[in-house]
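Novice: Structure incoming, see below.
None of the figures in this text is laboratory data; all of them are computed from the coordinates on show. Because the structure is predicted, anything quoted here is derived from the model rather than measured. Note that we place each Cβ from the backbone using ideal geometry, even for glycine, and neighbour counts take in every protein chain shown.
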Amino acid sequence: MNFMVVVLWTDVLLFILLAVCLAYARHAARRPHLRAPWARMARSASGMAAATVLSAFALIGVLDSLHYRPLIEAKPGVPGPARYAVEVRSVLDLVIQGVLGPMAGKSEKTYSAPLATHAFSRENIERPGPDGKPRQVREYPRLANGGAHLKDPAREWAADVATHAVRGMVFGFIAWLALAFVLLGAYAANHQEDGGIAGVWGDAWSGRGRLPWRSILITLLVICLCAGVAATLGSRYHLLGTDKVGQDVLYLALKSVRTALIIGTLTTLVMLPMGVLLGIAAGYFGGWIDDAIQYVYTTLNSIPGVLLIAASVLMMQVAIDANPGWFATAAERADFRLLCLCFILGMMSWTGLCRLMRGEALKLRELEYVQAARAFGVSRLAIIVRHILPNVMHLVIISAVMDFSGMVLTEAVLSYVGVGVDPSMSSFGSMINAARLEMSRDPMVWWSLAAAFFFMLALVLAANLFADAVRDAFDPRLSPKRRRRGLLAKASA
Amino acid sequence: MSAVLEIGGLNTRIETAGGVIRALDDVSFEIARGETFAVVGESGCGKSMTALSIMRLLPEAAWIDSGRVDQEGRRLLELPEYEMRDVRGRRIGMIFQEPATSLNPVMTCGEQIVEVLERHGIARGAAARARALDWLQRVGIPDPAQRMDDYPFQLSGGMKQRVMIALALCSEPEVLIADEPTTALDVTIQAQILDLLVELQRSNGMAMLLITHDLGVVARMAHRVALMYAGEMIEIGSRASFFARPLHPYAARLFAALPGSASRGSPLMTIPGMVPPLTTEFAGCRFAPRCAFAHARCEAEAPGWHMAATDGTTSHRARCHLLEEGEVPPLRAEAGAAAAALPVSQQGALLEVRDLKVHFPIRRGLFRRTVGHVRAVDGVSLTIGAGRTLALVGESGCGKTTVGKGLLQLIAPSAGSIRFDGRELAGAPAKVLRQSRSLMQIVFQDPFASLNPRMRVGEIIAEGMASFGLGVDQAGRDREAASLLAQVGLPADARDRYPHEFSGGQRQRIAIARALAVEPKLIVCDEPTSALDVSVQAQILNLLADLQRERGVALLFITHNLAVVEHLAHDIAVMYLGRIVESGSADEVLRRPRHPYTQALLAAVPRIEGGAEAPQVADRKLFADLPSPANPPAGCHFHTRCSRATAECAAAYPEARIVSQTHRVHCIHAQ
Ligand code: SF4
Ligand code: SF4
């Protein structure tokens, strides 16, 4: 084996979460009342488009969660135990390296603009002068990697960028066709009545099918085109430029996706059991239990959140610094810090859910089917598990999905104020934090901020649209769109 | 008489996920000045839709497809919305079922009336205030000057409905639409509100469209009656001829399904099947699948309107082919002969309750100190014999439901003794209690809240069995569940379905099966039929009677519906403010009531037989509000509302007077 698998804590939790989601999907698929809201959600065009975008992000996140340490080539003839690099890499690194080649990672000295061939600032360079003696000139040096294949950038650059962009789009389109074929083929195989893959394809474009295939396919096309262009152009230029230490910004942004996803999901994982169990306990048992839980969350709510989080993070930081022996690699340290951050955020944000659950449990415990169960002498725990929990589950799902984007944004804010993730871990917040200085330069370095902004916008917007679709599907009070018809349509017009 | 409101060919549709619902199909009628036109029907028949269509207050998903609504020459369906706003309230007033939600909680009653008056330009400023005061007086609000500045939450339900009426009538509309105006109220309050409406109509001659499900209210109020079924009007006639001789087979069946003293001891007539879904296109008669007289023509051809063949002078008509063919359907079944005494198995007492008290502490302040008690149940004694039915009767807030929950220890009783089969349950250790739970079970009022929507029917029924370890294995429990379902008249495949797939009546059957699963000796039925339509109620009452006969279970029937009590109770206990004021056998309490409260209660029930000639509630003292159980009046609790009260009554709570071996009354002046 020429690598060693590294399992980080957040990886484990992320995969557990995935497994739980899959198990829930299997469970729900067999129960009509659990399946119905998801089927309703699957009919929402914006919801499914958002889900497509989220799947792309999730794919990046999952690939970035498979970690390993490569083997260090031993000197030939020197026997000894295999030694592995201290740097922890992920499958995503491997993929990016394969696609972007030399552009990935730290490949320049400092800033360069998107698609640039020359550095962003002048440097003193020695050049042979007309008289043959070396002379000091101040000019923009060529980049080590970005656009290095061009002989005369001034003339060739525009044509080169255009051809590669077009080639990228063609690749993207072909990939899209293949993907669409696989997806629709799988769907058609499961739904024979829709007339095979051709029938589904036809329905998709006429908007007749049961699923909003048209919006899914269009979203997918946009993603494929972007990915194609990123692959062809990104392997020749720094598509989104480089940052202060010469790292490719596209690479940084892709690596930040996992951080955002981890914060968005694992925090919820910490928060759900607290919020749900304490909330239901408070509502169902009442009395002093209710009083105690209420006091806790009221107190917690009345302390400014950022203050508490900053204090906790600093304490954690002290503990980590005092015990360098805990971690084998820097990646493990950064990961531990991320996990703690999730935990701290989770501990601070369960109160809203708890209050919601308490109110719901208060209502449900007076319902007659709970009374009937009590009349049968069913134990309290069984009542909570069988009668209360299944009937608040939809609210839990709604709030988990809605909280996701809030958490992603919170991470950005925290990293911006310096109490977020480890500085060695890329995250949107750190990118924005770095941009604080870049924006004040003249000319301005805008691309890190722009890249972080667009990636985050795509993620959060998709998450919010998805959350809206989920809420609409799970909340029976919101009914489908209505049309005004009949006699009164005229009168009220 | 000229028509104030004319409705012609009204078609209303509602868009739903399951297709377009034909909520109203070709509804036509007219109302004359000073006339009360009642629209009756079971839930979902379209009676409320009629009102909302006239007012153009339809929900978003609904629209009027075609038709005509004329109000004194105004074509309401063609008016622009801003003119329609003038019609609402000014020309047509409306009162709703739920007085609590129809008043604005942040405005005083006076302000709300003044607002309406100013909105319609009738009066302004001080004049408007004076008028508002006058209206509060007219609707019988005691001490109106003070009530003007009260907020709705400070008023009782009956008072709120009065304010609502004042609000609807202060602009003196030509038409008043009353949508189930008394359904949320107790009988004594209902009687007052109905009287008030009659009085007001007499004095200002408005036309009234009364929408209700209660045939008793119709008999009491209406001049003309229309019966609706599945979105269509199927019979229209004057009150006298409608009640004397219903023409449509559905009407006849409906009358036969009404419980009452006449049906005592015999099963009620029921209507097989269910109302067809309104998304269907009807080719023939909508009632055909359920009609005993259906013949070939009924399926093929929708019946038109036909006059009653008997008498050319009335305009009593119905949509039924039989009328045209000259065969008038037989009158409602005469139940008189069958009105035998209820079967009774005379045995010893199964349940003996002595002096049961349930007090809820009132806590205030930072440390939640107990500052007083709500005496929901304050010393109730009951005896139920094995296999007998005891009806516990009273108005809302009297504590009858709390008695039921206290017996089952769903709420811990504060004091008193509950002896079941000779074993003391009050304050018994948890283990004894758990064992005793299978002896008593409960069936609740709301069939929609009483079943867990996330559990299959089979699981729901098996839950109790599993909890008591009955039916050792899963297979045994499944078999048992199947046989229970058969007993309550549900198909065996119901076991694998979820509650939302069943109608209200079917759910109530499931709830009964769930209770029966643990083989109880007593079932507490807490208003089991009050959320159901008359025809479904009849099925459930028959089912309970059958079960009692076959299994010998005793029933504690908690209800406010005296007609149901007359139909099935062996014994009756009347409750007022946490105490039982009169108890005895059904015959004694219903025929020879001694307590003034029982007498008032019985007099207030609107009856079909009585018609409009029924005596009005002469006794204005009954109008007073129900006192708070946190602070009951000294002496006899009823003395604040009793017309026979004397100084003596306020002195001490009256001891039980024993009228006969079974009949006792808590009143000093009982006659
Ligand atoms: S038309 Fe036929 S089916 Fe309809 S009510 Fe009359 S007899 Fe019955
Ligand atoms: S004791 Fe007096 S107040 Fe009470 S019911 Fe009898 S007469 Fe009325």
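Novice: ³J(HN,Hα) across region B:573-585 via Karplus (A = 6.51, B = -1.76, C = 1.60, θ = phi - 60°), whole Hz, x for Gly/Pro?
Specialist: 10, 9, 10, 9, 6, x, 10, 8, 9, 7, 8, x, 6
Novice: How much of the DSSP bridge set in the protein assembly as shown is antiparallel, in percent, rounded to the nearest 5? Present the calculation step by step, with values, prior to reporting the outcome.
Specialist: On the way: 79 of 116 bridges.
The antiparallel proportion sits near 70 percent.
Novice: I want the antiparallel fraction of DSSP beta bridges within chain B, as a percent rounded to 5. Numbers along the way, then the final one.
Specialist: On the way: 61 of 98 bridges.
If I count the DSSP bridges inside chain B, around 60 percent turn out antiparallel.
Novice: Can you work out the Karplus-derived ³J(HN,Hα) for every residue in region A:238-244? Use 6.51 cos²θ - 1.76 cosθ + 1.60 with θ = phi - 60°, whole Hz, and x for glycine or proline.
Specialist: Along region A:238-244, the couplings run 8, 4, 10, x, 10, 9, 4 Hz.
Novice: Please go through the residue pairs B:Lys357/B:Lys405; B:Lys357/B:Lys400; A:Lys363/B:Lys160; A:Lys363/B:Lys357 and name each one whose alpha carbons sit more than 23 Å apart in this structure. Provide the component values of the computation, followed by the final result.
Specialist: On the way: B:Lys357/B:Lys405 12 Å; B:Lys357/B:Lys400 12 Å; A:Lys363/B:Lys160 26 Å; A:Lys363/B:Lys357 25 Å.
Beyond 23 Å: A:Lys363/B:Lys160; A:Lys363/B:Lys357.
Novice: Would you mind checking the radius of gyration and Dmax of region A:257-474 based on alpha-carbon positions, in Å?
Specialist: Rg, Dmax (Cα atoms, Å): 20.7, 76.
Novice: Per residue of A:389-401, how many C-beta atoms from partner chains lie within 10 Å of its own C-beta, taken as a mean?
Specialist: Working: counts 1, 4, 4, 0, 1, 1, 0, 0, 0, 0, 0, 0, 0.
Mean shielding by partner chains, rounded to a whole number: 1.
Novice: Of B:Thr640, A:Ala458, B:Leu77, whose Cα points farthest to the positive end of the dipole of the protein assembly as shown (charges on the beta-carbon: +1 Lys, Arg; -1 Asp, Glu; origin at the Cα centre)?
Specialist: Value computed over the given set: A:Ala458.
Novice: Cβ neighbours within 10 Å, averaged per peptide: list A:239-247, B:75-83 in order, most packed at the top.
Specialist: Values: A:239-247: 21.7, B:75-83: 14.4.
Going from most to least packed, we get A:239-247, B:75-83.
Novice: Sticking with this structure for a sec: Which of the helices in chain B meet the span-like rule: DSSP H, Cα axial reach of 24 Å or more, Kyte-Doolittle mean at least 0.0? Don't skip to the answer; put the middle values down first.
Specialist: On the way: long enough: B:187-204 (26 Å, 0.41); B:534-551 (25 Å, 0.05).
Those that clear 24 Å and a mean of 0.0 are B:187-204, B:534-551.
Novice: Hey, got the Cα dimensions of region A:306-423 along the principal axes, in Å, largest first?
Specialist: Rounded to whole Å, the extents work out to 58, 29, 21 Å.
Novice: With every atom except the alpha carbons ignored, what do you get for Rg and Dmax of chain A, in angstroms?
Specialist: Radius of gyration, then largest Cα-Cα span, for chain A: 27.3, 105 Å.
Novice: Computed from the mean reciprocal separation of all distinct C-alpha pairs, what Kirkwood hydrodynamic radius does the protein assembly as shown have, in Å? Working shown, then result.
Specialist: Details: mean 1/r = 0.0278 Å⁻¹.
Final number for the Kirkwood radius of the protein assembly as shown is 35.9 Å.
Novice: Let me ask something additional. Report the calculated FRET efficiency for B:Glu324 and B:Ser238 (r = Cβ-Cβ distance, R0 = 22 Å), to the nearest 0.05. Walk me through the intermediate numbers first.
Specialist: Details: r = 21 Å, r/R0 = 0.95.
Rounded to the nearest 0.05, the efficiency is 0.60.
Novice: What does the charge count around B:Glu463 come to, taking other residues whose C-beta lies under 14 Å from its C-beta (Lys +1, Arg +1, Asp -1, Glu -1)?
Specialist: Combined, the nearby Lys, Arg, Asp and Glu give +4.
Novice: Starting from the exponent 0.38 and prefactor 2.2 Å, build the expected Rg for region A:153-235 from its residue count and divide its actual Cα Rg by it. Show your work: numbers first, answer last.
Specialist: Details: Rg = 16.7 Å, N = 83, 2.2 N^0.38 = 11.8 Å.
Normalised Rg, Cα atoms only: 1.41.
Novice: Provide the packing ranking of A:353-363, B:520-530, B:543-553, i.e. peptides ordered by the mean count of other C-beta atoms within 10 Å per residue, highest first. Provide the component values of the computation, followed by the final result.
Specialist: Working: A:353-363: 20.7, B:520-530: 23.3, B:543-553: 17.2.
Highest-to-lowest ranking by the protection proxy: B:520-530, A:353-363, B:543-553.
Novice: Taking the Cα centre of region B:452-519 as origin, work out the dipole magnitude from +1 charges on Lys and Arg Cβ and -1 charges on Asp and Glu Cβ, in debye rounded to 20. Don't skip to the answer; put the middle values down first.
Specialist: Numbers: 9 positive and 9 negative charges, 44 e Å.
It works out to roughly 200 debye.
Novice: Could you calculate the FRET efficiency of B:Ala475 with A:Val385 from 1/(1 + (r/R0)^6), where r is the beta carbon distance between them and R0 is 22 Å, rounded to 0.05? Could you put the intermediate results ahead of the total?
Specialist: Details: r = 24 Å, r/R0 = 1.08.
Plugging the Cβ-Cβ distance into 1/(1 + (r/R0)^6) gives 0.40.
Novice: Using Cα pairs closer than 8 Å and at least 6 residues apart in sequence, work out the relative contact order for chain B, in percent. Write out the running numbers ahead of the final one.
Specialist: On the way: 1319 pairs, mean separation 85.1, N = 671.
RCO, chain B: 13 percent.
Novice: Further question on the same structure: Within a 10 angstrom radius of the beta carbon, how do A:Ile197, B:Ile92, A:Ile125 rank from fewest other beta carbons to most?
Specialist: Details: A:Ile197 17, B:Ile92 25, A:Ile125 14.
Lowest to highest Cβ neighbour count: A:Ile125, A:Ile197, B:Ile92.
Novice: Could you check how many percent of all C-alpha pairs in region B:452-519 are farther apart than 17 Å? Display every interim value, and only then the final one.
Specialist: Details: 677 of 2278 pairs.
Counting pairs separated by more than 17 Å, the tail of P(r) holds 30 percent.
Novice: Could you tell me which helices of chain A pass both thresholds, a Cα extent of 24 Å or more along their own axis and a mean Kyte-Doolittle hydropathy of at least 0.5, with helices taken as whole DSSP H runs? Walk me through the numbers before you get to the answer.
Specialist: Values: long enough: A:9-29 (30 Å, 1.53); A:45-63 (27 Å, 1.93); A:153-190 (55 Å, 0.98); A:213-234 (30 Å, 1.95); A:249-285 (53 Å, 1.64); A:305-322 (26 Å, 1.99); A:330-348 (27 Å, 1.22); A:389-417 (40 Å, 1.43); A:447-474 (40 Å, 1.53).
Going by DSSP H runs, the hits are A:9-29, A:45-63, A:153-190, A:213-234, A:249-285, A:305-322, A:330-348, A:389-417, A:447-474.
Novice: Around B:Phe557, which amide H atoms from residues at least 5 apart in sequence, or from another chain, sit under 5 Å from its own amide H, with H modelled in the peptide plane?
Specialist: Here the answer is B:Leu390, B:Ala391, B:Leu392, B:Cys525, since their amide H atoms fall under 5 Å of that of B:Phe557.
Novice: Could you give the C-alpha radius of gyration of chain B expressed as a fraction of 2.2 N^0.38 Å, taking N as the number of residues it contains?
Specialist: Values: Rg = 26.3 Å, N = 671, 2.2 N^0.38 = 26.1 Å.
Dividing the Cα radius of gyration by 2.2 N^0.38 Å gives 1.01.
Novice: Normalised by the residues of chain A, what does the relative contact order come to in percent, with Cα pairs under 8 Å and at least six apart?
Specialist: It comes to 20 percent, rounded to a whole number.
Novice: OK, next. Across the residues of B:53-63, average count of Cβ atoms on other protein chains within 10 Å? Could the numbers behind the result be given before it?
Specialist: Values: counts 1, 0, 0, 4, 0, 2, 2, 5, 7, 4, 8.
Average per residue, whole number: 3.
Novice: Taking neighbour counts of Cβ atoms within 10 Å as a proxy for exposure, in what order, fewest first, do B:Glu42, B:Glu301 appear? Provide the component values of the computation, followed by the final result.
Specialist: Details: B:Glu42 20, B:Glu301 12.
Arranged by neighbour count, lowest to highest, B:Glu42, B:Glu301 become B:Glu301, B:Glu42.
Novice: For chain B, what does -39500 (n - 2.57) per DSSP helix run (n ≥ 4), summed and divided by total residues, give at 222 nm, in deg cm²/dmol to the nearest 500?
Specialist: Details: 22 runs with 208 residues, N = 671.
Value at 222 nm, helices only: -9000 deg cm²/dmol.
Novice: What is the log10 of I(q)/I(0) for region B:420-571, computed with the Debye formula using one identical point scatterer on each Cα and no solvent, at q = 0.15, 0.19, 0.21 Å⁻¹?
Specialist: -0.79, -1.22, -1.42
Novice: Taking a cut-off of 16 Å between Cα atoms, list the lysines near A:Lys109, but don't count ones fewer than 8 places away on the same chain.
Specialist: Once the sequence-local lysines are set aside, what remains near A:Lys109 is A:Lys244.
Novice: Ignore the peptide's own chain and count Cβ atoms of other chains within 10 Å of each Cβ in A:372-385; give me the average, rounded. Display every interim value, and only then the final one.
Specialist: Numbers: counts 15, 6, 6, 17, 15, 12, 7, 2, 0, 0, 3, 0, 0, 0.
Whole-number average of other-chain Cβ neighbours for A:372-385 is 6.
Novice: I'd like the distance between the alpha-carbon centres of region B:466-509 and region A:336-365, rounded to an integer number of Å.
Specialist: Centre-to-centre distance over Cα atoms comes out at 38 Å.
Novice: If the only charges are +1 at each Lys and Arg Cβ and -1 at each Asp and Glu Cβ, what is the size of the charge dipole of chain A around the Cα centre, to the nearest 20 debye?
Specialist: Using only the charged Cβ atoms, the result is roughly 1340 debye.
Novice: OK, next. List, in order, the whole-Hz ³J(HN,Hα) value for each residue of region A:118-123 obtained from phi through the Karplus relation with A = 6.51, B = -1.76, C = 1.60 and θ = phi - 60°; use x for Gly and Pro.
Specialist: Per-residue couplings from phi come out as 10, 5, 7, 10, 5, 9 Hz.
Novice: Run the dipole for chain B about the Cα centre, Lys and Arg Cβ at +1, Asp and Glu Cβ at -1, nothing else charged, and hand back the magnitude in debye, nearest 20.
Specialist: Working: 71 positive and 73 negative charges, 422 e Å.
Around 2020 debye, computed over chain B.
Novice: Further question: Let me know the Kirkwood hydrodynamic radius for region A:367-415, please, with Cα pairs as the basis and the value in Å to one decimal.
Specialist: Working: mean 1/r = 0.0761 Å⁻¹.
When all Cα pairs of region A:367-415 are included, the Kirkwood radius is 13.1 Å.
Novice: Further question: Using the Cα centre of region A:178-308 as origin and beta-carbon charges of +1 (Lys, Arg) and -1 (Asp, Glu), tell me which of A:Ser302, A:Gly209, A:Ala231 is placed farthest towards the positive end of the dipole.
Specialist: The residue sitting most towards the positive pole is A:Ala231.
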